Amino acid sequence: MSQYESSVKQIPYPQERVYSKLENLNNLEALKDRIPQDKVKDFSFDHDQATVEIPQLGKVTIRVVEREEPKCIKFEAVGSPIPVNLWIQIIPDGDTASKMRVVAKAEVNFMLRGMIEKPLKEGLEKIAETLALIQY
């Protein structure tokens, strides 16, 4: 299993506030307009899961599998061509700010690793950048 991480993002909101916004995937409504339509189609969500159609991969669902209030939300991919687990880590940075990082663990064989490593890292970075821009 290979692990990939985004860079750490500064968020000017307290940890508890960030966690409470991200733990309920219904709050992704605020991000719909920021997602390029050529990259993702048919974006839908409810409290525990989000489903997107990615032209190169097909329909993929990300489902919450564990919540560790207020520091971590863990997800698993359903319908992905490779087994992937994601989590969002949130740590306090004083009383009024926090830091966040997105991590993925993927079961990738050696032959595929070279092909997906760069797009996976870029995708994690884009997710982290987008989450850092939310008004919590």
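The values are calculated or read from the model by the stated rules, or taken from the named source; none is laboratory data. Please read these numbers as outputs of a predicted model, since none were measured by experiment. Cβ coordinates were reconstructed from backbone atoms using ideal geometry, including for glycine residues, and neighbour counts include every protein chain displayed.
Descriptive notes on the structure:
- Only one of L57, L31 that is surrounded by 14 or more Cβ atoms within 10 Å (Cβ to Cβ) and hydrophobic (A, V, I, L, M, F, W, C): L31
- Within segment 99-136, being outside any helix (DSSP H, G or I) and either of a type in the set (K, R) or touching a Lys or Arg at 6+ places or on another chain (Cβ under 8 Å) (or both) holds for K99, M100, R101, K105, L133, I134, Y136.
- Unmet criterion (only one of (1) at pLDDT 95 or above; (2) assigned to a strand (DSSP E or B)) for V18: (2)
- The lone criterion from (1) among the hydrophobic types (A, V, I, L, M, F, W, C); (2) closer than 20 Å to S2 by Cβ; (3) under 16 Å from the mean Cα position of the chain (by Cα) left unmet by M111 is number (3).
- Among residues that are surrounded by fewer than 17 Cβ atoms within 10 Å (Cβ to Cβ), of a type outside the set (S, T, N, Q) and over 23 Å from E29 (Cβ atoms), K118 is included.
- Residue identified as within 13 Å of the chain's Cα centre (by Cα) and hydrophobic (A, V, I, L, M, F, W, C) among I54, I62: I62
- First in segment 56-85 and closer than 27 Å to Y13 by Cβ and basic (K, R), second anywhere and at pLDDT 95 or above and not in a strand (DSSP E or B), Cβ under 6 Å, 6 or more apart: R67/E23
- Selection within segment 89-98 - surrounded by 13 or more Cβ atoms within 10 Å (Cβ to Cβ), out of contact with any helix residue (DSSP H, G or I) (no Cβ under 6 Å at 6 or more places or on another chain) and either assigned to a strand (DSSP E or B) or among the acidic types (D, E) (or both): Q89, I91, D93
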